[in-house]
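Let me begin by presenting the structure, written as structure tokens, before commenting on it.
The values are calculated or read from the model by the stated rules, or taken from the named source; none is laboratory data. Bear in mind that the values here come from a model prediction, so they are computed numbers and not experimental data. Counting neighbours? That spans all protein chains shown, and the Cβs are built from the backbone with ideal geometry, glycine included. Accessible surface areas use protein heavy atoms only, side chains included; no ligands, DNA or RNA. Shrake-Rupley method; radii C 1.70, N 1.55, O 1.52, S 1.80 Å.
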Amino acid sequence: MAKKILITGGAGFIGSHVVRLFVAKYPDYQIFNLDKLTYAGNLANLTDIEDAPNYTFVKGDITDAAFLDQLFQEQNFDGVIHLAAESHVDRSITDPMAFVMTNVVGTVNLLNAAKNSWQSDFSGKRFYHVSTDEVYGSLHNPEDFFVETTPYDPQSPYSASKAASDHFVRAYGNTYKLPVVLSNCSNNYGPNHFPEKLIPLMIHNIQTNKPLPVYGKGENVRDWLYVIDHARAIDTIYHNGKNGDTYNIGGFNEWKNIDLVNLLCSIMDRKLGRPEGTSAQLITYVTDRAGHDLRYAIDASKLMNELGWKPSLQFEEGLEKTVDWFLANQDWLENVTSGAYQKYYDSMYENR
Ligand SMILES: NC(=O)c1ccc[n+]([C@@H]2O[C@H](COP(=O)([O-])OP(=O)(O)OC[C@H]3O[C@@H](n4cnc5c(N)ncnc54)[C@H](O)[C@@H]3O)[C@@H](O)[C@H]2O)c1
């Protein structure tokens, strides 16, 4: 019988790439995409596979326990890949409770629905929780990397909510023997990235000659991974990871924000036929984000050595592909930046 896999948050940035990969690579699986379609969820991310015979979209909210229980009873899923979340740190500072509800309560609801539907018969079952490196807090020593045993030290409401959800997933593994696996990944970039995040925001603002808001002095360091490489890692871990284990995912690709923005400016000058240096003049330093972690860096050796995954793209190549995608998909950008998002966007950035 075909495997039935529930992917949550499949209309979002990373989830849409995971859904696309699974639908194309596993024609024998039935892939269900459960998404509430918040401001960040967009079915336009999936138009190329929406008619695939092994794909079903379900609109729903993971904070609704009764709805989840009914869905799991009806469908008897073999596996869950859980990506649905509130994911933007700035929003978590203005509205932490939304993050508690979706990221913590929603995750526990899903764990309960899986536990109730599987009723201790866990053969062939798997609950995969997708998380972030932000749960580890900030690195201060330039030699240090986050490894799977680094103690949790979340600093923002977003990372605190993801840390709490990670703890619940591990607790269900320990207490009820639910077959769980987790991953913690660094910053993703690539096609379909929602334009409130650094790279698409900069591409959009350069194109429209708006200021490029850089927090503080731009010294914060992040590790960047092409989103399709994250989706490939999720495929590898879902199929080959060990129950109860955690895998760090990252690109060994650290960039200071200001260096990254300058690189993007220079790529965009070339693509738009502007004299070198034009876009960099739009850089505007703005008051630093409250509690802004200085540096994140992931050691992905365990995933590479034990499961044989490695990133497929160099950063410059991935960034070029990303810029090309955004320039070729203006309709997508206009669609997702209209309406409610536009109001939020204006209030966040226009007066800086
Ligand atoms: N973006 C990154 O760089 C990054 C890095 C590491 C880990 N992650 C994790 O990966 C996952 C996906 O991140 P993303 O950047 O694709 O996020 P995203 O914001 O682009 O997508 C989140 C999706 O979840 C859906 N959703 C939100 N609340 C929901 C609810 N209550 N019920 C059902 N669906 C709901 C949204 O509609 C959206 O489609 C998150 O768990 C995030 O913590 C993200």
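Here is how the numbers come out for the structure above:
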| read-out | value |
| --- | --- |
| Length-normalised contact order for region 137-274 - Cα pairs under 8 Å, 6+ apart - percent | 29 |
| Relative contact order %, region 125-205, counting alpha carbon pairs below 8 Å whose residues are six or more apart | 39 |
| Qualifying aspartates and glutamates (Cα of each under 13 Å from Cα of Lys210; at least 8 residues distant if same chain) | Asp346, Glu350 |
| Span from the region 274-291 Cα centroid across to the region 90-114 one, whole angstrom | 33 |
| For region 203-352, Kirkwood radius (reciprocal of mean inverse C-alpha pair distance, Å) | 17.6 |
| Relative pair counts by distance (%), Cα atoms of the chain, 20 Å bins | 30, 60, 10, 0 |
| Relative packing of 229-238, 264-273, 116-125, which averages over residues the other C-beta atoms within 10 Å, highest first | 229-238, 264-273, 116-125 |
| Lys/Arg +1, Asp/Glu -1 at C-beta; region 160-241 dipole; positive extreme among Phe194, Phe168, Asn205 | Phe168 |
| Span from the region 46-86 Cα centroid across to the region 210-263 one, whole angstrom | 26 |
| Additional length obtainable on full extension of the chain from Gln119 to Lys242, 0.36 nm per residue less Cα span | 42.2 nm |
| Calculated P(r) of region 253-310 - Cα pairs past 18 Å, % | 57 |
| Rg/Rg_globular for region 21-78, with Rg_globular taken as 2.2 N^0.38 Å and Rg from C-alpha atoms | 1.20 |
| Cβ charges +1 (Lys, Arg) and -1 (Asp, Glu), total dipole of region 184-288, debye | 260 |
| Modelled FRET efficiency - R0 30 Å, Asn209 with Asp324, Cβ distances, 0.05 increments | 0.90 |
| Global geometry of region 141-192, whether rounded, prolate or oblate, following the gyration tensor of its Cα atoms and the 1.5 cut on a/c | prolate |
| Relative contact order (%) - criterion: Cα under 8 Å, at least six apart; region: the chain | 17 |
| Nearest-0.05 FRET efficiency for Lys217 and Asp64, computed from C-beta distance (R0 35 Å) | 0.20 |
| Positive-end extreme of charge dipole, the chain - chosen from Trp118, Thr63, Tyr128 (charges on Cβ) | Trp118 |
| Set Lys36/Lys302; Lys59/Lys197; Lys115/Lys162; Lys4/Lys36 screened for pairs whose C-alpha atoms are more than 29 Å apart | Lys36/Lys302 |
| Accessible area of Leu333 in the full protein assembly, 1.4 Å probe (Å², nearest 10) | 10 |
| Placed amide H near Thr132: partners under 5 Å, 5+ positions off or other chain | Cys185 |
| Region 116-259, accessible surface, carbon-and-sulfur percent (1.4 angstrom probe) | 49 |
| Dimensions in Å of region 55-195 - Rg and Dmax from alpha carbons | 15.9, 51 |
| FRET E, pair Ser312, Asp51, Förster distance 30 Å, beta-carbon r, rounded to 0.05 | 0.60 |
| Contour minus Cα-Cα distance for Leu263 and Gln75 (0.36 nm per residue) | 63.0 nm |
| Where the Cα pairs of region 4-117 fall when distances are cut into 5 Å bins, in % | 2, 12, 23, 24, 19, 13, 5, 2, 0 |
| Charge sum, other residues only, whose C-beta stays under 12 Å from Leu71's C-beta, Lys/Arg counted +1 and Asp/Glu -1 | -2 |
| Per-selection Rg to Rh, region 45-109 - Cα, Kirkwood hydrodynamic radius | 1.04 |
| Gain in span if fully extended, Arg270 to Val286, counting 0.36 nm per residue against the direct Cα distance | 3.1 nm |
| Semi-axes of the equivalent ellipsoid for region 109-262, Cα gyration tensor, largest first, Å | 33, 17, 14 |
